[in-house]
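FYI, it's all coordinate maths here, none of it is from the lab. Since this is a predicted model, take the numbers as computed values, not measurements. FYI the Cβ positions are ideal-geometry reconstructions off the backbone, even for glycines, and counts take in every protein chain you see.
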Amino acid sequence: MLRYDQRPDGSVIEPGVTENDRLIELAWGGVANVVVAETLFHLAEQGFWPEAEDRVRQMIEAILHFADGGFQVQDGPCRGAWWNGYIVEQRRFASRYGRAHVETPNQGFVNYFLYRLWSLGATRDPDLPRRIEHNCTRFLQSIERPEGGVEYARYTDGRTGQSRFYEDYTRGYACGTAMTALSWLCAWRLTGIPDYRQQAKRLFDFLVDETARNEWRFLEYDTTGADTAAPAWVLIALCEAIQDLDCPAYRQAADRTFDLLWILRYHVQPDMERYKAKEAVWGGRMLIKGGMVHGSTPGSRQGSHAAHIRYDFPLAFEQYWRLTGRSKAYAAMIGYLNFQTWHQFTRTDLPIGTGTTTEQCSLVWDYVQDTAQIKHSNPLVMLALTPWLQCLGTNAEITLAQRPDANSLCLDLHSLGEAPTWLEWDRPARIYDEGELIGPGPATRFVLPPRQRRRLKAIVACSDSSP
């Protein structure tokens, strides 16, 4: 649904009221169609929904070619920018709030996931790399600021962009700079043009210096205060940059950004008995451990009373874990996915989509989140984990978790207390204890005696991987 506070004719809508016009969004908001396209690709590839392969092609075709390529601004000061949405009933492109307005982070969201779809082989439409290149050279390059970084948003007539509350964005911010740098990096990967790589590096250099000067505080996506979604995207962008750009400062910045996100997790499960009825009606469970504080400053106007349910937090943890192997990153990723699962609608006797999730877990007693949005229900990272060998265990501390490939898992374990540690794998595996094969054949269970430290490796029995 379209959500905005002022209609195009200037009449004001009561704050918080939504219009029933249908809004098809590419990036931020309630849908994120570029992310949905990748999710459907994995659903088809893994056999959950084979027919989704055709839907993915249709979605990519629509993003690139609908209305003669209309999802990119055709002319004016914002030529080449990606619109975030299309209002079906009004037959026009617009922002989340119905304005002729484009936002810099959205450029990166669209470019990045289009690049991922290309890398997965979901499409070979030659217009895809051309559109990303056009966005970078025509729009993103035009909004660079003299001191470094980029503008955060702009009206398509050239005026300074504004937040949802009509406050001017007077400077660049970390999330917009990170997503612009990531866009240039994707353009370089697709085209091989050296100048694009230099553009990415220059912006990443500025990003690292600027976030250090601001003590790792990140502006919220479209309002005021600080939040956790912005550093999640900064972490994703840095993890991508580290793979191609040799700069130790990027790794230090990634470590610092992850440590900030780690602090803002709900590390324990408080007693939420008084809130449980708010989600029990949908079949959800009122649990918050593993979720993220969303608005992290006093007076925040973006979810200050809630833990948002999104795909970008676990995606950031997954990418950082793949990069570093830090067990804390693995714990953050799995913990967040558990949190997301608790808030799923499971009742089949209600006329609302079973399997969706609420947008957020709210800690205000009289606030009921009774709507489900596609972006907040996206299982992208869960699908990325599905093919992996999985392990369930108790009574142990994991000090290192590594995955050489999807069919193997290496763990450094320390069994705690006086009880043994039980580990179970989700499929038969050859298990190696300190490099030595345990037992005569594949197994699904291993018992570690109390107060022992071990390095274990499990390899799926049908895999050809060497120990």
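Database remark: amide H of Arg92 closer than 5 angstrom to the amide H of Ile87 (H placed geometrically; neighbours at sequence offset of 5 or more, or on other chains; Pro and chain starts carry no H). For the chain, the 222 nm mean residue ellipticity estimated from helices alone, with every DSSP H stretch of n ≥ 4 adding -39500 (n - 2.57) and the total spread over all residues, rounds to -11500 deg cm²/dmol.
Residues His376, His65, His343, His134, ranked from the fewest to the most other C-beta atoms within 10 Å, line up as His65, His134, His376, His343.
Give the order of Cys391, Cys136 when sorted by the count of other beta carbons within 10 angstrom, beginning with the fewest. Don't jump to the answer; show the numbers that get you there.
Numbers: Cys391 18, Cys136 24.
The order, fewest Cβ neighbours first, is Cys391, Cys136.
Ordering Thr444, Thr39, Thr257 from the fewest to the most neighbouring beta carbons within 10 Å gives Thr444, Thr39, Thr257. Note on Asn214 and Arg55: the model spin-label points, each 7 Å out from Cα along the C-beta direction, lie 3.7 nm apart.
For Lys278, list the aspartates and glutamates whose Cα falls under 14 Å from its own Cα; do not include residues on the same chain fewer than 8 positions away. Within the straight-line cut-off, Lys278 pairs with Glu359, Asp366, Asp370. For the chain, the square roots a ≥ b ≥ c of the C-alpha gyration tensor eigenvalues yield an a/c of 1.5 or more together with a/b exceeding b/c, which makes the shape prolate.
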